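Reviewing the structure listed below.
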């Protein structure tokens, strides 16, 4: 599946640790974005040595949460959405692509988050039960990515395999107003992708989607709907005994 | 001390946003707003050449008998025009805040095409919160 990538011009902005976006090199994407042919050879070779340490050499255990400005990320995300919009056939496809992008971030968030939380404790352990994993997504993933825990987590009454995480004011959507003819679209599909990757990594395959459920108090309230696969529920039943 | 209206003019001279707040000015059709905005854009360009001191930015305040117009020209060529009563002294500060709101709600919105008319609910809501009904 072809993944949409953020525009290489903006890859400089991703050089930070908040959402741990990949640093795409201009050489790999030059075929798509028709950079002048001299650019790939000179950009990599003649880069002056940075006075700051390389992000890859930085200590993993000390996150600097205040690295990226919210405005910079908003512009990057806005460009991601515009770029994806030009290449899709409909709203569902757009949501799916944003989901895929979020997925790639989620796998890295899971690794980093688990490493940071467990490496400092005396008895590191892995979450294998469903409810504690969902709780850890609700607090730790949100804290790692957005800086604050999500607002609510709920279990659906109708279906036993559905859970919902609610965010009253998703930071990535703060400056986005969806036009009326696309009112079904939720750009939080990006966040849904992050959650889906974390669940997959922990061993709970699920389908995760984002739906906007505005209330009078919070007009941009979004619900992340997690629909777990049957195998997860069966396993939980077995483990309960 | 009333704010009558807000216009946002893109760098080509086309009106991308207009909104009325307090009553006090004649009601115009949307076509007339477009024409007036284009004229103002032209006048602004002419006044930038008329300065006796060398280069200047163009008219910033135009006063009439019952209202005045404060124009903020941004570095990108977008003009924010605030129509207020003569007694209003906060027009420039308000325009700065409108500019901030514009860069937040409009520029970061992926569904907005630059230089096109602004159809953003977030922008409307925030401007309403900022200016209110235009009184006081």
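What average count of beta carbons from other chains do you get within 10 Å of the Cβ of residues in B:110-116?
5
Of all the Cα-Cα pairs you can form in the stretch B:41-111, what percent are over 21 Å apart?
Beyond 21 Å sits 35 percent of the P(r) for the stretch B:41-111.
For A:167, A:93, A:200, which order do you get if you count the other beta carbons within 10 Å of each Cβ and list the fewest first?
Fewest-to-most Cβ neighbours within 10 Å comes out as A:93, A:200, A:167.
What is the gain in length, in nm to one decimal, between residue A:93 and residue A:125 on full extension, counting 0.36 nm per residue of separation less the C-alpha to C-alpha distance?
7.8 nm
For peptide A:177-183, how many partner chain Cβ atoms fall within 10 Å of a residue's Cβ, on average?
Averaged over the peptide's residues, the number is 4.
If I model a spin label at residue B:75 and residue B:23 as a point 7 Å from the Cα along the Cα→Cβ vector, what separation in nanometres do I get?
4.3 nm
At a Förster radius of 41 Å, what calculated FRET efficiency corresponds to the Cβ-Cβ distance of residue A:158 and residue B:130, to the nearest 0.05?
After rounding, the FRET efficiency stands at 0.45.
To make sure I understand, if each residue's beta carbon is the centre and we count other beta carbons within 10 Å, what order do A:113, B:53, A:164 fall in, fewest to most?
B:53, A:164, A:113
Kindly put B:102, A:56 in sequence by how many other C-beta atoms sit within 10 Å of each C-beta, fewest to most.
A:56, B:102
For the stretch A:82-187, just the Cα atoms, rotate onto the principal axes and tell me the three extents in Å, largest first.
So the three principal-axis extents are 53, 34, 22 Å.
How many times 2.2 N^0.38 Å is the alpha carbon radius of gyration of chain B?
For chain B, the normalised Cα radius of gyration comes out at 1.02.
Relative contact order for chain B: what percent, with Cα pairs under 8 Å and sequence separation of 6 or more?
Reported as a whole number, the value is 29 percent.
Obtain the radius of gyration and the Kirkwood radius of the stretch A:61-134 from its C-alpha atoms and give Rg over Rh.
1.11
Order these peptides, B:2-11, A:186-195, by their mean beta-carbon neighbour count within 10 angstrom, highest first.
For the peptides B:2-11, A:186-195, the packing ranking is A:186-195, B:2-11.
Note down the nm distance, to one decimal, between modelled labels 7 Å out along Cα→Cβ at residue B:62 and at residue A:58.
Calculated label separation equals 5.0 nm.
Calculate the mean, over all residues of peptide A:81-91, of how many other protein chain Cβ atoms lie within 10 angstrom of the residue's Cβ.
For this peptide, the per-residue mean of nearby foreign Cβ atoms is 1.
Want the number for residue A:69 to residue A:117: 0.36 nm per residue separation, take away the alpha-carbon distance, what's left?
14.8 nm
Which whole number in µm²/s is D for the stretch A:135-207 by Stokes-Einstein, with the Kirkwood Rh taken over Cα pairs at 37 °C and 0.692 mPa s?
Using the Kirkwood radius from Cα pairs, D works out to 243 µm²/s.
Subtract the Cα-Cα distance of residue B:51 and residue B:34 from 0.36 nm times their separation in residues, and report this length gain in nm to one decimal.
3.4 nm
Readers should treat all values here as calculations from the given coordinates under stated rules, not as data from a laboratory. Quick caveat: nothing in here was measured; it's all calculated off a predicted structure. A quick note on method: Cβ atoms are made from the backbone with ideal geometry, for glycine too, and the neighbour counts reach across all protein chains shown.
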